[in-house]
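Participant: Questions regarding the structure given below will be posed in turn.
The values are calculated or read from the model by the stated rules, or taken from the named source; none is laboratory data. Just so it is clear, the model here is predicted, and its values are computed rather than measured. All Cβ positions, glycine included, derive from the backbone under ideal geometry; neighbour counts span all protein chains shown. Ligands, DNA and RNA are stripped out before the accessible areas are found, and what is left, the full protein with its side chains, is counted by its heavy atoms. Shrake-Rupley method; radii C 1.70, N 1.55, O 1.52, S 1.80 Å.
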Amino acid sequence: MEISIIALPLIASIISGFFGKFIGDRNSEIITSLLVSISAILSALVLYEVIVNQYQDNIIIATWISSGSLNVNWSMKIDALSAVMLVVVTSVSALVHIYSIGYMSHDPHKPRFMAYLSLFTFAMLMLVTSDNFIQLFFGWEGVGLCSYFLIGFWFKKESANKAAIKAFVVNRVGDFGFALGIFLIFYLFGTVNYSEVFQQIPNITEKNLVFLGIEINAIDLICLLLFIGAMGKSAQILLHTWLPDAMEGPTPVSALIHAATMVTAGVFLVVRCSPIYEYSEFVLNIITVIGMSTAFFAATVALVQNDIKKIIAYSTCSQLGYMFFATGVGAYNVAMFHLFTHAFFKALLFLGSGSVIHAFKDEQNINNMGGVWKKLPYTYSLMIIGTLALTGFPLLSGFYSKDAIIEFAYLRGNTTGYYAAGIGIFTAFLTSIYSWRLIFKTFHGNYNNKEIKIEDTHESPIVMLIPLVLLSLGAIFAGFIFKDLFIGNYGLNNFWKDSIFFLKPLSTEHPPLWFLLLTPILVILSIPTAYYLFVKNKNLPEQIVKNNKPLYLFLLNKWYFDELYDALFVKPSKKFGLFLWKFFDLKIIDGFGPDGISAIIKKFSVKANKFQSGFIYQYAFVMLLGFSALLTFLIVK
Amino acid sequence: MNFPILSSLILLPSVGAFFLFFTRSNKQNNFTVKYVALFTSFVNFLLSIYLWILFDHTTSEFQFVEQRTWIDDFINYKVGVDGISILFILLTTFITPLCILSVNNSIKERLSEFLIAVLIMESFMIGVFCSLDLVIFYLFFEAGLIPMFLIIGIWGGARRVYSAFKFFLYTLLGSVLMLVAIITIYWLTGTTDVIELYSLGIEAKYQNLLWLAFFSSFAVKTPMWPVHTWLPDAHVEAPTAGSVLLAAILLKMAGYGFIRFSLGLFPIASEVFTPLIYTLSVIAIIFTSFIALMQEDIKKLIAYSSVAHMGYVTLGIFTIQQQGIEGSIIQMISHGLVSAALFLCVGVIYDRMHSRLIDTYGGIVSIIPKYSVLFMLFTLAALGLPGTSGFVGEFLILMGAFKDNFLVAVIASIGVIIGAAYMLWLYKRVIFGKLINNDLKKMIDLNRSESIILTSLAIPTLFFGFYPDPLINTIEVSISDLIETYNFRLASKI
């Protein structure tokens, strides 16, 4: 049964991908949605078994690579961690499959789209259920590939193609670190299986390595390299540039891959490797810093963006930052909790925005929207739920998970922890502002679209609304229901078991009351603030922009990361390639090598040619000359 | 073993070629000519499969050994296979029929002569991979040049003469030194028999020079940086089938030679020169990847990427790690499949549009969808995506390299990033985007023989990506014994 969870999406993908033409669009849609839904139900059953009966298993499906001491299996590891991921991945995926039936109804390549979605689901499941690092890597690159396909799905759009390649290549930069991490693990332990590696970790805490001239603790180095991979996949600052561009893909893709599942793989990796990370205080602090920087950076950029999907993309980036700093302060279970709740409300927001885009016939600029909340009542109210959950409005799911992160950061009790908590609170406020800005600009105020009449905007079909409703249930209740299980003291011992490792047990104290109330108060206050800024008194934000032009441009251009990378990496690479080719290969190697030698030989032979003139007196003269030279030589000697 | 299976493998293609020699090719019998060649090479493929089935992979001893005296007390015709060589024989016999099948559109004139060259080449290549006598090896190794020289020089493109001579000069220059080295070995030990030499060993003081002599030949053929510049020219001018043979089989002779002779005969020198190999390999990987990024000609791009891929191979071999050497062999097999497929893919669109320039194309995904899918698969295999054979080779090599030298592994891994960039960028510019060139609308999708060829390359590429065990099992024992002997020799200084 467990294997079919993974196999069904693969089968769905093969059917739709190869036989889509024969069975028709509608059948492909139904088959893929159905099979992935079955997979989701089975996953839920597995999670139930894990919760109730403490079910654990490690299924070996087949050998993959066995070379010398390296032994890698196709496997399926089931424990609390992978069960949670199974449920997140398959349930969001199933809903996105169903939603896509409506969203892609005008697209001519439906079977291909569904095949990619299912294939992605398969790769993601391989990733989360692996029992070793190399299968994890397989899934890791596999989801990257599907992401590449789906971002570039509309292959005629130049920007989509560029974004697709960018996503793949930037991810490869992360994977480069990740692969080195795996090599190092194999070098140190002679195995890549989680359980065998984790067992040996405590033995090498003192071991130092000289790596590229720097002496560094072996565990620190492993953690650092693996984290580079995580940064790429989870779009953390420095390697985040691909995520906003990835919004070129169809919206269901953004919801599934670039919000709920794939981008959380980095967080999953760190949590999965908690038995390693727990021994590396140094890298945990780095993670905290990177996490909170990303959270803050992305939130500031989201404040000024105008593309509805880009705002949500930056918001995702920012929330991933929260998850990372949760792992950085050692609260892995809290990170998983936020990952879990985030999947629901972020997918809801994306699919909701898709519904808005659908209503406006592919308009994405929020300045060209407004005033349609009565026209799109369902979408509107569902988006509100998503926003409330995201901002951490009391009693909705984001409230439990995000506030828990801030609390645990505070309870960590060291400097990075306090900083993280402070920035976390501030970022929560920013999150709230930009989220409500999105809502108000999209649904309230005046109707600003010049191309479509307000009468022509329409609510989405039911097949798109049902997934939204289901997700909104998750966004409302997931936090409340699963709070004790995921992060309660009771749950800690019983639920996660050894899938998450804590070197020091997490603090069970409570932060002071004022601290607990601070975030919710800010979040609630931000609603009227945003309303005032973006609906009531629109001149004020414009005034602010005018007075702080450089800052505004800095944020609008996303801190100039793209321009910087272009100047630092892309252009020099091209120049370097051109130099090596035109100058080094053609001028130096060929010039002095084959071409040069043949030119010299040719020159020489032309000269030698002249020598053979055919006149006897010339030959006689030369002979005479040579003879006399020889004679002179002999005499002198 | 009474039936001389290896000699049959070597001779059979030549017999086919012999028959073709008496048929003049014209429009009427082109069909027959092609099927005679195809039949011969296909039978040879089946025979090699049979060989693989009979092969005992639990021992590193040479099997199916045949020996006949050629010149008394000097040269013996001696052939045999172990786990290392058998896969290359399979690769040769697998690629050749596909090559013959592909000549439909590309070779318009002198078909039977062309096929004779291909078949003779197959004979020589199989000879290279199973000879157990240095002189015989040398003969096959050098003779392989001649058909390739002719293929480029006669059936090539506009600058074919320049390319053919460049190819010939480069590769011949290196080989002369190898011949000198072989004669020296005979002087020193009194034999050129590889098995005997393995047990005798060669005195440490001679190893360095001998190693360098062999190296000069292998480095050109691999090709390693900086003697790689003949390859792009040769590929660009060669007809599709020629490029396929060149990339898939000819380049593998050197990798095979490094394992069999450099490691096998001169362990001490190999240890001395490992830093040299590492440096050149890493430079090859990084430099040629950057160069590939900037190419405007599809064939040149793939040719440069071949240099980078072979850089991984040489790197892996000299790690002297189980993973490294096994990875190298798998990488060679994989590169044989994938680069062959990529050159065929270029051939497909070249036959239709008569252009190899990337600019000519763009936006053809919906016009030739079948082609686009297969081309995508091979692109992904070339950039080493997990689940394709390319990944297994590259990953094992880097794993082995990491064990031996951090720095080298780190730099080589950067090549993986650039590899993704140039392959995906190529694919995007050729296949995706807006359709601007209206001539492209007339393109027709893969015909039956093209589909068969590309699919038969796609299947092993994927299969060995998910399940490389058949390959690894075959070579495992031979490699581990090789490493053991190597380390033993190193310790005892012979």
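Participant: Quick one: divide the alpha-carbon radius of gyration of the range B:5-492 by 2.2 N^0.38 Å and tell me what you get.
Facilitator: Normalised Rg, Cα atoms only: 0.93.
Participant: In a solvent-free Debye calculation with one equal scatterer on each Cα, what is log10 I(q)/I(0) for the range A:12-114 at q = 0.10, 0.17 Å⁻¹, listed in the order of the q values?
Facilitator: Normalising to I(0) and taking log10 leaves -0.41, -0.85.
Participant: Right, something else. Sorted from largest down, give the three principal axis spans of the alpha carbons of the range A:386-450, whole angstrom values.
Facilitator: Ordered largest first, the range A:386-450 gives principal extents of 54, 22, 12 Å.
Participant: Let me ask something else. Between B and A, buried accessible area summed over both sides at probe 1.4 Å, in Å² to the nearest 100?
Facilitator: When B and A are taken together, about 5200 Å² of accessible area is lost.
Participant: Within 10 Å of each Cβ in A:188-196, how many Cβ atoms from other chains are there, averaged over the peptide?
Facilitator: Partner Cβ neighbours, averaged per residue: 0.
Participant: Using only the Cα atoms of the range A:403-505, what semi-axes does the equivalent ellipsoid have when each is the square root of 5 times a gyration tensor eigenvalue? Give whole Å, largest first.
Facilitator: One finds semi-axes of 40, 22, 9 Å for the range A:403-505.
Participant: I'd like to compare A:47-60, A:429-442, A:156-169: which one has the highest average count of other Cβ atoms within 10 Å, and what's the full order after that?
Facilitator: Ranked from most to least packed, the peptides come out as A:429-442, A:156-169, A:47-60.
Participant: Tell me the relative contact order for chain A as a rounded percent, counting alpha carbon contacts under 8 Å between residues six or more apart.
Facilitator: The normalised contact order for chain A reaches 12 percent.
Participant: Taking the Cβ of A:Val535 as the centre, find all other residues whose Cβ is under 11 Å away and add up their charges (Lys, Arg: +1; Asp, Glu: -1).
Facilitator: Its environment carries a net charge of +4.
Participant: Moving on to the next point. About the Cα centre of the range B:1-151, what is the dipole size in debye to 20, counting +1 per Lys and Arg Cβ and -1 per Asp and Glu Cβ, all else neutral?
Facilitator: The calculated dipole for the range B:1-151 is roughly 820 debye.
Participant: Counting C-alpha atoms alone, how compact is the range B:122-197: give Rg to one decimal and Dmax as a whole number, in angstrom.
Facilitator: 14.9, 48
Participant: Further question: For chain A, report the translational diffusion coefficient in µm²/s to the nearest whole number, using Stokes-Einstein at 20 °C, 1.002 mPa s, and a Kirkwood Rh over Cα pairs.
Facilitator: The diffusion coefficient I find is 80 µm²/s.
Participant: Moving to a separate point now. In the range A:552-637, if the dipole is taken from +1 on Lys/Arg beta carbons and -1 on Asp/Glu beta carbons about the Cα centre, which of A:Ser598, A:Ala629, A:Tyr560 is farthest to the positive end?
Facilitator: It is A:Ala629, whose Cα lies furthest towards the positive end.
Participant: Please state the charge dipole magnitude for the protein assembly as shown, taken about the Cα centre, from unit charges on C-beta atoms (+1 on K and R, -1 on D and E), reported in debye and rounded to the nearest 20.
Facilitator: Approximately 3640 debye in magnitude.
Participant: What 222 nm value per residue comes from the helices of the protein assembly as shown, counting each DSSP H run with n ≥ 4 as -39,500 (n - 2.57) and dividing by all residues, nearest 500 deg cm²/dmol?
Facilitator: Estimated from H runs of four or more residues: -23500 deg cm²/dmol.
Participant: Another question about this same structure. Please compute the contact order of the range A:34-131 in relative form: average sequence separation of alpha-carbon pairs under 8 Å and at least six residues apart, divided by the residue count, as a percent.
Facilitator: Across the range A:34-131, relative contact order equals 33 percent.
Participant: Give the residue from B:Ser451, B:Asn438, B:Tyr427 lying farthest towards the positive end of the charge dipole for the range B:411-476; charges sit on Cβ (+1 for Lys and Arg, -1 for Asp and Glu) and the dipole is referred to the Cα centre.
Facilitator: The Cα lying farthest towards the positive end belongs to B:Asn438.
Participant: Order these peptides, B:220-227, B:206-213, by their mean beta-carbon neighbour count within 10 angstrom, highest first.
Facilitator: Ranking, from highest mean packing down: B:220-227, B:206-213.
Participant: Shielding of B:398-407 by partners, i.e. mean partner chain Cβ atoms within 10 Å per residue?
Facilitator: Neighbouring Cβ atoms belonging to other protein chains average 5 per residue here.
Participant: Kindly rank B:184-191, B:412-419 from highest to lowest mean number of other beta carbons found within 10 Å of each residue.
Facilitator: With the highest mean Cβ count within 10 Å placed first, the list reads B:412-419, B:184-191.
Participant: Given q = 0.13 Å⁻¹, what are the Debye log10 I(q)/I(0) values for the range A:336-446, with equal point scatterers placed on the Cα positions and solvent ignored?
Facilitator: Taken in order of the listed q values, log10 I(q)/I(0) reads -0.54.
Participant: Could you tell me how far the Cα centroid of the range B:230-277 sits from the Cα centroid of the range A:73-126, in Å?
Facilitator: 44 Å
Participant: Could you calculate, for the range A:288-395, the ratio of the Cα radius of gyration to the Kirkwood radius, expressed as Rg to Rh?
Facilitator: My calculation of the ratio gives 1.02.
Participant: How large is the translational diffusion coefficient of the range A:161-201 in µm² per second when you combine the Kirkwood radius over alpha carbon pairs with Stokes-Einstein at 10 °C and 1.306 mPa s?
Facilitator: Roughly 136 µm²/s, to the nearest whole number.
Participant: What whole-number value in cubic angstrom gives the convex hull volume per residue for the C-alpha atoms of the range A:436-585?
Facilitator: 350 Å³
Participant: Once neighbouring chains are kept in place and the probe is 1.4 Å, which whole percent of the accessible area of the protein assembly as shown is contributed by carbon and sulfur?
Facilitator: Whole-percent figure for carbon plus sulfur exposure: 67.
Participant: Over 5 Å intervals from 0, what percent of Cα-Cα pairs in the range B:47-99 sits in each interval?
Facilitator: In order of increasing distance, the bins hold 4, 18, 22, 19, 15, 12, 7, 1, 0 percent.
Participant: Based on the Cα coordinates of the range B:1-151, what is the per residue volume of their convex hull in Å³?
Facilitator: 112 Å³
Participant: Oh, and also: Let's see if you can work this out: charge +1 on each Lys and Arg Cβ, -1 on each Asp and Glu Cβ, no other charges. What is the dipole magnitude of the range A:340-438 about its Cα centre, in debye to the nearest 20?
Facilitator: 160 debye
Participant: Could you let me know the centre-to-centre spacing of the range B:71-132 and the range A:32-46, using Cα atoms, in angstrom?
Facilitator: 52 Å
Participant: Count, for each residue of A:577-583, the Cβ atoms from other chains sitting within 10 Å of its Cβ, then give me the mean as a whole number.
Facilitator: For this peptide, the per-residue mean of nearby foreign Cβ atoms is 6.
Participant: Using only the Cα atoms of the protein assembly as shown, each taken as one equal point scatterer with no solvent, compute I(q) by the Debye sum, divide by I(0), and report log10 of the ratio at q = 0.05, 0.06, 0.09 Å⁻¹.
Facilitator: -0.37, -0.52, -1.06
Participant: Among the helices of chain A (complete DSSP H runs), which have Cα atoms covering no less than 24 Å along the helix axis and a Kyte-Doolittle mean of at least 1.6?
Facilitator: A:2-23, A:80-103, A:281-304, A:462-487, A:513-531, A:616-636
Participant: Now, a different point. Considering the range A:1-72, what Rg and Dmax in Å follow from its alpha-carbon atoms?
Facilitator: Just the Cα atoms of the range A:1-72 yield Rg and Dmax of 16.5, 49 Å.
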